[in-house]
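Following: one structure in C-alpha cells, then a few remarks.
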C-alpha cells in the first residue's frame with residue numbers, strides 16, 4: 001500500500017527538518033516545494049534566486065500535479081511532499097488533493113515574522129501563508145470528512161519522538177527510529193533555493209530543543225502582521241497533536 005503525504009507549512013518553520021526526518025526513512029521518497037516555480041512565475045514575487053528557481057523548476061502546475069499524484073518515484077511506499085501553503089494558488093484546481101493524505105505544520109506567527117523579516121521584506125500575512133493554511137485546512141476537512149493532523153513546531157520540539165509516533169499513526173504508516181536523526185549536509189532532494197535558506201538544517205543531525213521566545217518588541221508594521229496572522233494560527237492550534 002502506498003501513501004502520498006502532503007505536509008502544508010509556511011516559511012521559517014521546521015518544515016525542512018521534517019523533510020529530513022521523512023527522507024531518512026527506508027521506505028520514503030521526498031519532494032521539496034514542488035509548486036515553488038509555479039508560484040514565482042504566476043505571482044512575480046521577488047524571492048532570493050527567483051530566476052534560477054523558475055528556470056530549474058516546472059512552472060506548469062498541471063504537470064507538477066501529475067507527478068505528485070502519479071507513480072511514486074523509485075516505487076517507494078511513502079511519498080512525502082513538503083509544500084508551502086501559499087504556493088497553492090487560487091487558479092490551481094484542487095480536486096487532486098483528495099488523492100493525498102494531508103498534515104499541517106504551524107508555528108507561532110511572532111517567531112515566523114521575526115525570522116522571515118530578517119531575510120527579506122515582508123508586507124502581508126499572505127506571504128507567510130497563514131490565511132491560506134487555515135482555509136486549506138477547512139477545505140481538506142470538507143473534502144475528506146476528516147480532521148487532518150496538525151503539528152505545532154514548538155510543541156513538536158518538546159517531544160519529537162512522541163509527536164512523530166502520533167503523526168505516523170494518524171497517517172497510517174509505521175513510525176521509524178530513523179526519523180529522529182540524519183546525516184548533516186545538503187541533499188540531492190533539496191530545492192535549488194537551499195543555499196539561501198537551509199544553512200541551519202545543513203548543520204543539523206536531528207531536531208533541536210525549542211528556542212526561548214524572543215520578547216523584543218516588534219516594529220509596529222511587523223506587530224500588525226502578527227495580529228493579522230494570529231487568528232488563523234489559533235484556529236489550527238486548537239487541533240494540534
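Where a number appears in this text, it was derived from the coordinates with a stated rule and is not lab data. Just so you know, these numbers come straight off a predicted model, no measurement behind them. As a convention, Cβ positions derive from the backbone with ideal geometry for all residues, glycine included, and neighbour counts pool all protein chains shown.
A few comments on the model shown:
- Taking the DSSP beta bridges with both ends in the chain, the antiparallel portion is around 5 percent.
- Chain lengthening between residue 237 and residue 214 when straightened (0.36 nm per residue, less Cα-Cα): 6.3 nm
- Highest-fluctuation residue, 45, 17, 219 considered, GNM on the chain with Cα pairs under 10 Å: 219
- Ranked list, fewest to most other Cβ atoms within 10 Å of each Cβ, for 59, 16, 215: 215, 59, 16
- Rounded to the nearest 500, the helix-only mean residue ellipticity at 222 nm of the chain stands at -12500 deg cm²/dmol, with each DSSP H run of n ≥ 4 adding -39,500 (n - 2.57).
- Whole-number percent relative contact order across segment 3-237, with pairs defined as alpha carbons under 8 Å at least 6 apart: 30
- Packing order of peptides 223-231, 206-214, highest average first: 223-231, 206-214 (average count of other Cβ atoms within 10 Å over each peptide's residues).
- Whole-number percent relative contact order across segment 1-89, with pairs defined as alpha carbons under 8 Å at least 6 apart: 53
- Selected from 41, 174, 166 as most flexible by GNM, with the chain as the system and alpha-carbon contacts under 10 Å: 174
- Ranked list, fewest to most other Cβ atoms within 10 Å of each Cβ, for 113, 31: 31, 113
- Global geometry of the chain, whether rounded, prolate or oblate, following the gyration tensor of its Cα atoms and the 1.5 cut on a/c: rounded
- Residue order, fewest to most surrounding Cβ atoms within 10 angstrom, among 68, 171: 171, 68
- Distance between the pseudo-spin-label points of residue 203 and residue 123 (7 Å out from Cα toward the beta carbon): 3.2 nm.
- Label-point separation, residue 43 to residue 67 (7 Å along Cα→Cβ), nm: 2.0
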